[in-house]
Amino acid sequence: MKHFIYKGLGFELFLELEGKKAHVTAQGPLSRLARPICEGFNTYASLEKVTAVRGNDVVISSLIPPAPSGPFNRLIKAQINNRLFGKYTPESLMILTTSKCQCTCQHCIAFGIRGDPELSTEELCNAIDQSIELGTYNVSFEGGEPTLRKDIFDLISHIDKNKATSHLITNGFLLTQAYVKKLKEAGLDYLHLSLDSPYPNIHDKFRGINGIFEKVASDVKYAVEEGLVVIIEYTAAPGNSDIKALNDLYQYCSSIGVQEILIDEVVPAGRWAYRENDVLKEEDRARLVKFQNEANELEGSRVCGSLILRDPKIIGCFAGRKWMWLSPTGEVMPCFHVPISFGNTRNQSMKDIWKAMRKHPLFKKAPKNCAWADPYYKQHYFKKIQDSINEKNLPYPISKLDGRKD
């Protein structure tokens, strides 16, 4: 089946679908301009299996808006601007809506980030609008635990669905059938549920709440019934990414109806800050790549590895190039793995903050690795940021780190 997904100046893009395997092609007199985009999708977007097909609507992955759609058009325009004109767009805005959470996860990345005074509903909506104006097409509500905010439905419904998709990343503890229905009614596109192990006792212990593993299973059922795209967020660490655990994770997620497993890697930040030797090694990443490739040849959940996409040969580090992160108090960071503030949305525009971020040497250059592993970051910033974690005084202002104000 052939799906039209984008119309450009002198070319059109199509997604040719056979079962859940896809291929992007271009047609038209200027189709050569779209060749790099097609090659990027076909080589790196794991099109051996798409996440979901809903009539004429194809969800390639949770990292990509449904095609065709207004947000997908904005994604294509961002890639054209980057490839042809060297322009960088804050394609995704990730919002740490609150520092509050019921869990005490061992790898909590929000640990150490200031939580008060939280941005109001109006302030968050304003930041969202400004980001969308800059080109953002994905808006993600995270935490802490975003369901602890009573205005989360209002925040989701505020997003212009013709311009951006909405994501909610949750531990699932507060979700009920009625709550999930309200999320759907508010316009949520993607529901991400955190899972740290395919084994109930390990997940519960890691999260610090008995029974939360079983809660996630019921949450998946409710979300599938409501027609939401359901993603399991799995943070790979040395202790949970052996091949048996990965295969058991795949079998479990596929059996309960999960459409995608999104794998990231633990980093030495937040509660994991002083464990810089307890992170993935190259052989671990190679195992994850192999697992993803083999799993996507099977029936069941799609596997997507954001850690794989950050390989510099593919896309490279997203921080300050494709991502902006917003703290509960309005500080704007390139990534929560790199808790440096380039300004506060309460007194600066998102446009000016993005410009300042793009000018910084750490994000202006082509990335050879993730920013948190960059030698410049480790030499100049890493120690100061680690010292601020226990004081819960992050993100650290860039002006105090290196004296820059731009």
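The values are calculated or read from the model by the stated rules, or taken from the named source; none is laboratory data. In this text, all values refer to a predicted model and were calculated from it rather than measured experimentally. Here Cβ is always computed from backbone atoms with ideal geometry, including for glycine, and neighbour counts include all displayed protein chains. SASA here: full protein model, heavy atoms, side chains in, ligands and nucleic acids out. Shrake-Rupley method; radii C 1.70, N 1.55, O 1.52, S 1.80 Å.
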Inside region 374-393, the number of residues satisfying the requirement of being free of Cβ contacts under 8 Å to residues at least 60 places away in the same chain and either farther than 21 Å from R321 by Cβ or not acidic (D, E) (or both) is 11
Apart from one, (1) touching a residue at least 40 places away in the same chain (Cβ under 8 Å); (2) assigned to a helix (DSSP H, G or I); (3) under 23 Å from V338 (Cβ atoms) all hold for R285; the odd one out is (1)
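For (1) in a helix (DSSP H, G or I); (2) among the charged types (D, E, K, R); (3) over 20 Å from the mean Cα position of the chain (by Cα); (4) within 20 Å of S61 (Cα to Cα), each residue gets a yes or a no:
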| position | (1), (2), (3), (4) |
| --- | --- |
| L193 | no, no, no, yes |
| P198 | no, no, yes, no |
| K215 | yes, yes, yes, no |
| S218 | yes, no, yes, no |
* To do: Examine region 157-171 for a residue that is modelled with pLDDT of 95 or more and part of a helix (DSSP H, G or I), and state whether such a residue exists.
  => yes
Taking region 75-97 and keeping residues within 25 Å of H3 (Cβ to Cβ), at pLDDT 95 or above and not polar (S, T, N, Q) leaves E91
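Please work out if N347 is of a type outside the set (K, R), open to solvent by 60 Å² or more (accessible area, probe 1.4 Å), modelled with pLDDT under 95 and more than 13 Å from L401 (Cβ to Cβ).
Judged against the criteria, N347 is not a match.
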Take L280 and tell me if it is hydrophobic (A, V, I, L, M, F, W, C) and either over 16 Å from the mean Cα position of the chain (by Cα) or in a loop (DSSP other than H, G, I, E, B) (or both).
yes
Expected single match for open to solvent by 20 Å² or more (accessible area, probe 1.4 Å) and at positive phi among G330, G300, G316, G320 is G300
Checklist entry - In this structure, does G144 turn out to be in contact with a Cys (Cβ under 8 Å, 6 or more places away or on another chain) and under 30 Å from T89 (Cβ atoms)? => result yes
Of E39, E18, E48, E12, the only residue that is at pLDDT 90 or above and of a type in the set (D, E, K, R) is E12
Of the candidates D248, D242, the one satisfying the condition of being open to solvent by 40 Å² or more (accessible area, probe 1.4 Å) and either polar (S, T, N, Q) or under 30 Å from P375 (Cα atoms) (or both) is D242
Taking region 10-26 and keeping only residues that are in contact with a helix residue (DSSP H, G or I) (Cβ under 9 Å, 6 or more places away or on another chain) and open to solvent by 80 Å² or more (accessible area, probe 1.4 Å), one is left with H23
Checked D129, D116 against criteria (in a loop (DSSP other than H, G, I, E, B) and among the charged types (D, E, K, R)); the one match is D116
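Residues of region 52-97 being hydroxyl-bearing (S, T, Y) and either closer than 30 Å to G300 by Cβ or open to solvent by less than 30 Å² (accessible area, probe 1.4 Å) (or both), which ones? Walk me through how you get there before you give the answer.
Of region 52-97, the ones hydroxyl-bearing (S, T, Y) are 61-62, 69, 88-89, 92, 97.
Matches in region 52-97: S61, S62, S69, T89, S92, T97.
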So, first residue more than 22 Å from V216 (Cβ to Cβ) in region 252-277, second residue assigned to a loop (DSSP other than H, G, I, E, B) and among the aliphatic types (A, V, I, L, M), Cβ within less than 7 Å, six or more apart or across chains; the pairs are V267/V279; P268/V279; A269/I109
Picking from Y190, Y199, the residue that is aromatic (F, W, Y) and open to solvent by less than 50 Å² (accessible area, probe 1.4 Å) would be Y190
Given the conditions (1) over 30 Å from R149 (Cβ atoms); (2) at pLDDT 90 or above; (3) open to solvent by 10 Å² or more (accessible area, probe 1.4 Å), every one holds for W354 apart from (1)
Scanning region 1-53 residue by residue, those part of a loop (DSSP other than H, G, I, E, B) and either closer than 25 Å to V289 by Cα or touching a residue at least 60 places away in the same chain (Cβ under 8 Å) (or both) turn out to be G19, K20, A45, S46, L47, E48, K49, V50, T51
Checked region 112-159 for anything small (G, A, S) and either within 14 Å of T329 (Cα to Cα) or crowded, with 19+ Cβ neighbours inside 10 Å (or both); matches are G112, G115, S120, A127, S131, G135, S140, G143, G144
